[in-house]
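Notes follow once the structure below has been shown.
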Amino acid sequence: MRYAKACDEGRWSLHAAAHITAYSPLSDGNVPLEEIDRLRDTYSRDDLRLNFAKLFLDGVAPAHTASFLDPYQPKEGYDPTAHDPDATLLMSPSALNDRVTELDRHGYVVKMHAVGDNAVRKGLDAIEAARNANGPSGLRHEIAHSAFVSDADLPRFAALDAVAEVSPKLWMPNGATRAQMDVLSSEQMGRLHRIRDLLDAQAQVIFATDWPASAPDADPWSGLAGMLTRQDPTQQYGGTMNAGQAVSLDQALNLFTVNAARAIGLAGETSVLKSGAFADFIVLEQDIHSLSPEDVSAVQVQETVWKGKTVFAR
């Protein structure tokens, strides 16, 4: 409601897509389709797109609530030999398939919170079920976080025209790293945030801050820098997180620009400089191609132009 009000009052300078919660363990579970439609129809604006829905499939690794194919490390009160990958799913696979198929049929792009590799697989299975039931809808459903992806599921993103959303504040050493290492094997940690592998598998990958849930701020620059080195550019946390998954600056920038625009249905309209597109761009203090990753993380925006109008200037 606040976003819609900001649009109405001329205080909105974003091309935005907001996901309406369709299932959450923090609420009463499934939200009826009629209520989702009502929220979409009431609050959609030209620059606030609401044909998007959110589902939660699992939790997080340190709490043993992320859904993994392989067991967690042994600890008191947890028996790895009794591991059931589906036990930590927040929705049964059949219910998930039905929900994604329903939302796809009614024109909603579905974003699914999935941390563990089993949750990612079940999310992809649900997209496949929707494709089989409804045909190629053109809706590009998203796996949010895509933190751990198995080898077998890497090529399925491209095959299903699904989107892998990754959270940059989390793919470099951070405050949660030690807690993850305490509960997961080295093999599992080696599959953390496989950005290069996803790109090599032709997956469409987009950037997300995961702020305020898991990240301290929404500043994209430290996350961008971390993609280049898999290190914390602020040097608050030492070490390197899966160095082989580092990508080039141009590869990383695509996650923020053309890939993001396509994910919200604005391909060719923003994140490109061409005749007929929105005049959306930022002016930086320096050419980031000439900067070290550490300097990229601290770069300052001098001006932001949205739809041809300066909406921010230093």
Being among the charged types (D, E, K, R), assigned to a loop (DSSP other than H, G, I, E, B) and surrounded by 13 or more Cβ atoms within 10 Å (Cβ to Cβ) is the requirement here; does Asp232 meet it? yes
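Residue-by-condition table, conditions (1) in contact (Cβ under 8 Å) with a residue 12 or more places away in the chain; (2) surrounded by 17 or more Cβ atoms within 10 Å (Cβ to Cβ); (3) in contact with a His (Cβ under 9 Å, 6 or more places away or on another chain); (4) not in a helix (DSSP H, G or I):
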{"site": "Leu198", "(1), (2), (3), (4)": "yes, yes, no, no"}
{"site": "Asp210", "(1), (2), (3), (4)": "yes, yes, yes, yes"}
{"site": "Ala213", "(1), (2), (3), (4)": "no, no, no, yes"}
{"site": "Trp221", "(1), (2), (3), (4)": "yes, yes, no, no"}
Which of (1) part of a loop (DSSP other than H, G, I, E, B); (2) at pLDDT 95 or above is the odd one out, the single condition Ser275 does not satisfy? (2)
Pick from segment 67-88, criterion in contact with an Asp or Glu (Cβ under 6 Å, 6 or more places away or on another chain) and within 30 Å of Gly135 (Cβ to Cβ), ranking: surrounded by the fewest Cβ atoms within 10 Å (Cβ to Cβ): Leu69
Here are the criteria: (1) assigned to a helix (DSSP H, G or I); (2) farther than 17 Å from Asn118 by Cα; (3) aromatic (Phe, Trp, Tyr). Tell me which single one Phe157 does not satisfy. (2)
Within segment 105-119, tally of residues that are buried (at least 24 other Cβ atoms within 10 Å of the Cβ), in contact with a helix residue (DSSP H, G or I) (Cβ under 6 Å, 6 or more places away or on another chain) and part of a helix (DSSP H, G or I): 1
Starting from segment 168-183, keep only residues that are within 24 Å of Leu224 (Cβ to Cβ), then list their pairs with residues that are of a type in the set (D, E, K, R) and crowded, with 21+ Cβ neighbours inside 10 Å whose Cβ atoms are within a distance under 8 Å, requiring at least 6 positions of separation or different chains. Trp171/Arg230; Met172/Arg230; Met172/Asp232; Pro173/Asp232; Asn174/Asp232
Any residue at all in segment 249-266 that's in a helix (DSSP H, G or I), crowded, with 16+ Cβ neighbours inside 10 Å and in contact with a Ser or Thr (Cβ under 6 Å, 6 or more places away or on another chain)? yes
Out of curiosity, is Val299 out of contact with any Cys (no Cβ under 7 Å at 6 or more places or on another chain), over 27 Å from Glu142 (Cβ atoms), among the aliphatic types (A, V, I, L, M) and outside any loop (DSSP other than H, G, I, E, B)? no
Return a yes/no flag: does segment 181-191 have any residue that is closer than 21 Å to Asn259 by Cβ and buried (at least 19 other Cβ atoms within 10 Å of the Cβ). no
Take the residues in segment 12-53 that are crowded, with 20+ Cβ neighbours inside 10 Å and either touching a Pro at 6+ places or on another chain (Cβ under 7 Å) or under 23 Å from Thr88 (Cα atoms) (or both); name whichever of them is modelled with the lowest pLDDT. Tyr23
Matching residues in segment 4-62 (aromatic (Phe, Trp, Tyr) and free of Cβ contacts under 8 Å to residues at least 40 places away in the same chain) number 1
So, in segment 289-314, how many residues would count as being in contact with a helix residue (DSSP H, G or I) (Cβ under 6 Å, 6 or more places away or on another chain) and either of a type outside the set (S, T, N, Q) or at pLDDT 95 or above (or both)? 3
Which of (1) more than 24 Å from the chain's Cα centre (by Cα); (2) under 30 Å from His193 (Cβ atoms); (3) in a helix (DSSP H, G or I); (4) not polar (S, T, N, Q) does Pro71 not meet, given it meets every other one? (3)
Look at Leu266 and say whether it is within 19 Å of Val163 (Cα to Cα) and out of contact with any Asp or Glu (no Cβ under 9 Å at 6 or more places or on another chain). yes
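The values are calculated or read from the model by the stated rules, or taken from the named source; none is laboratory data. Here the structure is a predicted model, which is why all the values come from computation and not from measurement. A quick note on method: Cβ atoms are made from the backbone with ideal geometry, for glycine too, and the neighbour counts reach across all protein chains shown.
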